[in-house]
Amino acid sequence: MSHRITTRHARKVAAAAVVAVAAFGLTACQDNADAGGDSSSAASSSSGGSDSSGGSDSSDSGSSGSSGSGGGGNAGSDACATSHLGFRSTHGMGEGTLIVDLKNNGSATCTLQGFPGVDLKSKNGTLSAERSDLAAPKTSVKPGEETRFTLYYPPNNSGGSGETFTTLVVTPPNETHSHSLPVSINVPVTDGSGSAIKVDPVGTGK
């Protein structure tokens, strides 16, 4: 959105963002769901990505979005911890897709099963991704290996400025700690007929 908008226009933009929330059928996330991740990467471009390793920058609160924090799987002693994961996002080959890679930076094999909690943040607020209908496989990740999940969003082909999300907050399945990634995702602001932002389980889409 333009930085030259007037105060009156800013109010209209904020109101439009509320319409976007209703359009996508998504819920707002509490402020404490934000992870304090300090990534040195710039926001992703349509042809690039962002890379950020897991660590002490993850939040204790986790994601409170509709996709849940660690939902869709059974926790176990070998479950991958957020602090042992590296995170990287790249835009997919298809328009309106974002691939998030999770790398096991630990010293032992761990498992991921379920849907990640995914929250998208813009200057107007936070939206939480809905879950897709795919079944969640149990994925073993050896040290140094990666797995992934895919986020789907409606690309902005409306000709308008839309709503731009600049931060992606990810909570791995069966975890309460989150990690933040810089992204650049622009979606249209619609009247309620727009597609929802959805996320697949970890381990699908390869």
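We did not get these values from a lab; they are worked out from the coordinates using the rules stated. Because the structure is predicted, anything quoted here is derived from the model rather than measured. All Cβ positions, even for glycine, are placed from backbone atoms using ideal geometry, and neighbour counts span all protein chains on display.
Side notes on the structure shown:
- Two-site FRET efficiency, S83 against K138, from Cβ-Cβ distance with R₀ of 25 Å, rounded to 0.05: 0.75
- Protection proxy ranking, peptides 97-107, 154-164, average beta carbon neighbours within 10 Å, highest first: 97-107, 154-164
- Residue list for the range 122-154, given a label point 7 angstrom along the Cα-to-Cβ vector of A196 and an amide N cut-off under 20 Å: 122, 126-137, 149-154
- Percent RCO, i.e. relative contact order, over the range 89-166, from Cα pairs under 8 Å lying at least 6 residues apart: 40
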